[in-house]
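A quick write-up on the structure given underneath.
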Amino acid sequence: MPVKPLDPLSLVPGSSNLFTARRGAARMMAARLADGALALYSPVPAPDSEAVDVARARGGVAAIIAPSPCHHLGIAAWMDAFPEASLCAPEGACDRLEKRLGVRPSAKMPSLVDGAAFLFPEGLKAPEVWLRAETADGVAWAVCDAFAGPAGTDDAPATEPKARGAFATMCLGDPPRYKAWALAQIERDQPTQLFPAHGNRVAGTGLAMGLKDIVEGL
């Protein structure tokens, strides 16, 4: 069966430096680096030529982020397309990813444009890195497995995030520590957009409360 084409990278609402693309429920992100190129986040496998061409036209790819030891299936294909790109991952995930990919990622993350940053959740046994970006519509988060979105299309975003059962069983190591970190980060950022690796975009003023409810329920 032919692979469904990957949507080309498109700007997220309210931003000129944060991009998203989907194939079905699977999502990847890209963020502008300080040097003008892109960092891909959780790249989706089997990119078609149009998706690669759009990434090249938007500045090219200088870094590829494996956001967790579980999100690596798209790495090889995108590294083939952009062989000069550096491969990066959370420090605690590098050993496992080296075994799976045959190359060791760097734990040093690339420098993003002003208003964008990487977040490193505490208390996880399967480390993740998240993306945070300031937009005209408030702070946007891109996350790996900590939160999800329901089925749907990004042009009709959901209003409430979903929990992923696998996160509590496979990723969470020290629940009190993670909960303290996550609740404090939600309080600081008050995110208005969520771009989960699994599912639809979630947006709106009630997002922060929905994220808090999920964290408190762990």
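The values are calculated or read from the model by the stated rules, or taken from the named source; none is laboratory data. Everything quoted here is computed from the prediction, not taken from an experiment. We place every Cβ from the backbone using ideal geometry, glycine too, and count neighbours over all the protein chains shown. All accessible areas refer to the heavy atoms of the entire protein, side chains included, with ligands and DNA or RNA removed. Shrake-Rupley method; radii C 1.70, N 1.55, O 1.52, S 1.80 Å.
Indicate the gyration tensor shape class of the range 1-42 (rounded, prolate or oblate), computed on the Cα atoms with a ≥ b ≥ c the square roots of the eigenvalues: a/c under 1.5 is rounded; otherwise a/b larger than b/c is prolate and the rest oblate. Because a/c hits 1.5 or more and a/b exceeds b/c, the range 1-42 counts as prolate. Placing +1 on the Cβ of every Lys and Arg and -1 on the Cβ of every Asp and Glu, with no other charges, gives the range 168-218 a dipole of roughly 80 debye about its Cα centre.
Electrostatic bookkeeping for Asp213 treats Lys and Arg as +1 and Asp and Glu as -1; over the other residues with beta carbon under 15 Å from its beta carbon, the sum is +1.
By definition, a body whose alpha carbon gyration tensor gives a ≥ b ≥ c is oblate when a/c is 1.5 or more and a/b is not larger than b/c, and the range 144-203 fits this oblate description.
Any idea what the dipole of the range 70-218 comes to, in debye rounded to 20, about its Cα centre with Lys/Arg Cβ at +1 and Asp/Glu Cβ at -1?
Using only the charged Cβ atoms, the result is roughly 460 debye.
Check the straight Cα-Cα distances from Lys162 and name the lysines below 19 Å, setting aside those fewer than 8 residues away within the same chain. Reachable lysines: Lys179, Lys212.
Once backbone amide H atoms are built at 1.01 Å from N, Thr135 has Ala140 as its partners under 5 Å, excluding neighbours fewer than 5 places away on the same chain.
Shape class of the range 72-126 from the alpha-carbon gyration tensor: oblate, with a/c at 1.5 or above and b/c at least as large as a/b.
Applying the Karplus relation 6.51 cos²θ - 1.76 cosθ + 1.60 with θ = phi - 60° to the range 138-152 yields 3J(HN,Hα) values of x, 7, 10, 10, 10, 10, 8, 10, 5, 9, 9, x, x, 5, x Hz, where x marks Gly and Pro.
Between the listed residues Trp130, Gly173, Ser106, the Cα displaced farthest toward the positive end of the dipole of the range 78-180, a dipole computed from Cβ unit charges relative to the Cα centre, is found at Gly173. What a 1.4 Å probe finds exposed on the range 60-162 is 49% carbon and sulfur by accessible area, rounded to a whole percent. Distance from the C-alpha centroid of the range 1-75 to that of the range 194-217: 21 Å, rounded to the whole angstrom. In the context of the full set of protein chains, the chain has a per residue accessible area of 44 Å² (1.4 Å probe).
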